[in-house]
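Colleague: Below is the structure I would like to discuss, written out as structure tokens.
The values are calculated or read from the model by the stated rules, or taken from the named source; none is laboratory data. Worth saying up front: this structure is predicted, and the values here are computed from it rather than measured. Counting neighbours? That spans all protein chains shown, and the Cβs are built from the backbone with ideal geometry, glycine included.
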Amino acid sequence: MAYFQTVTRSYTKVDTSKGIDTTQFLEATEGVVKLFDAFGSAAFSVVQNDMNGNIKKIRERFLSNPTANDTLENLTATEAPEKKRVATEGLLWLTRGLDFTARALRRNIDNPAEELNISFTKSYEETLKKHHSFVVRPVFTLAMKACPYRKDFYEKIGVATDADKKEMEEWLCALEKIITTINTLFTNHPEYIKGM
């Protein structure tokens, strides 16, 4: 069974009609964390731990008032007046991690001859590297070198047939749209992430 059929929720099933549904977004994002299990390397635990920590920050904020924080847009707006915006910072870093993952996978799908370590390294240089300190960069650089071979990775996540590839493509497109929506939110409200 393909990985995309095992996730609790696909990004294609995240309601974005009135804003990005917080609970559904978190469920879908937990699936991305599990995707890194397919890399079969402890080097990626740094990525997984970072994502899990940010998911926890957003979930705690959501649970403090599920009605007011029903969408990511409402959650960031209600937290904006506060001095410490823990969930917003979590969302900012989580989005950066998702952007890194999405760009790497997009590059890899679009370049069938490219190995994963190249796709992920290029994506890291475009996304996370500029936000990381010189202490963190080598950790991520090491993780990129630990990427499995392309063939092994797609076998492990069960993407073999055209139908599997189509499902992955739809999942990735939905994720890319959500990333764009969140980044637009932060661009339109720079005060939300000031000083982060």
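Colleague: Which of the residues that make up the stretch 135-155 are surrounded by fewer than 15 Cβ atoms within 10 Å (Cβ to Cβ) and modelled with pLDDT of 90 or more?
Modeller: Tyr149, Lys151, Asp152, Glu155, listed by residue number.
Colleague: Looking at (1) closer than 26 Å to Asp162 by Cβ; (2) crowded, with 21+ Cβ neighbours inside 10 Å, can you tell me which one Arg85 breaks?
Modeller: Among (1) closer than 26 Å to Asp162 by Cβ; (2) crowded, with 21+ Cβ neighbours inside 10 Å, the lone unmet condition for Arg85 is (1).
Colleague: Hey, another quick one. For the list (1) surrounded by 14 or more Cβ atoms within 10 Å (Cβ to Cβ); (2) touching a residue at least 40 places away in the same chain (Cβ under 8 Å), I need the number of the one condition that Glu191 fails.
Modeller: For Glu191, the exception is condition (1).
Colleague: Moving to a separate point now. Filter the stretch 139-166 down to the residues that are in a helix (DSSP H, G or I) and of a type in the set (A, V, I, L, M, F, W, C), then identify the one that is nearest to Pro112 (Cα to Cα).
Modeller: Phe153
Colleague: Look at Tyr11 and say whether it is touching a residue at least 40 places away in the same chain (Cβ under 8 Å) and under 15 Å from the mean Cα position of the chain (by Cα).
Modeller: yes
Colleague: Kindly check whether there is at least one residue in the stretch 37-48 that is under 28 Å from Arg150 (Cβ atoms), at pLDDT 90 or above and under 18 Å from the mean Cα position of the chain (by Cα).
Modeller: yes
Colleague: Kindly establish whether Asn108 is among the polar types (S, T, N, Q), modelled with pLDDT of 95 or more, within 18 Å of the chain's Cα centre (by Cα) and within 20 Å of Gly31 (Cβ to Cβ).
Modeller: It is true that Asn108 is among the polar types (S, T, N, Q), modelled with pLDDT of 95 or more, within 18 Å of the chain's Cα centre (by Cα) and within 20 Å of Gly31 (Cβ to Cβ).
Colleague: Would you say Ala113 is in contact with a Leu (Cβ under 9 Å, 6 or more places away or on another chain) and either closer than 28 Å to Asp162 by Cα or modelled with pLDDT of 95 or more (or both)?
Modeller: Considered against the rule, which asks whether it is in contact with a Leu (Cβ under 9 Å, 6 or more places away or on another chain) and either closer than 28 Å to Asp162 by Cα or modelled with pLDDT of 95 or more (or both), Ala113 comes out as no.
Colleague: Turning to a different aspect of this structure: Kindly provide the set of residues from the stretch 58-73 that are in a helix (DSSP H, G or I) and surrounded by 14 or more Cβ atoms within 10 Å (Cβ to Cβ), ordered by number.
Modeller: Correct list: Ile58, Arg59, Arg61, Phe62, Leu72, Glu73.
For (1) free of Cβ contacts under 8 Å to residues at least 12 places away in the same chain; (2) touching a helix residue (DSSP H, G or I) at 6+ places or on another chain (Cβ under 9 Å), each residue gets a yes or a no:
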site: Ala28; (1), (2): no, yes
site: Phe36; (1), (2): no, yes
site: Ser45; (1), (2): yes, yes
site: Thr76; (1), (2): no, yes
site: Lys83; (1), (2): yes, no
site: Arg96; (1), (2): no, yes
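Colleague: Give the residue that is nearest to Thr78 (Cα to Cα), with candidates limited to residues of the stretch 167-196 that are part of a helix (DSSP H, G or I) and more than 19 Å from the chain's Cα centre (by Cα).
Modeller: Tyr192
Colleague: Those residues that are closer than 27 Å to Leu35 by Cα and either within 17 Å of the chain's Cα centre (by Cα) or assigned to a loop (DSSP other than H, G, I, E, B) (or both), I need them from the stretch 74-92; list them, please.
Modeller: Once the filter is applied, which keeps residues that are closer than 27 Å to Leu35 by Cα and either within 17 Å of the chain's Cα centre (by Cα) or assigned to a loop (DSSP other than H, G, I, E, B) (or both), the stretch 74-92 yields Ala87, Thr88, Glu89, Gly90, Leu91, Leu92.
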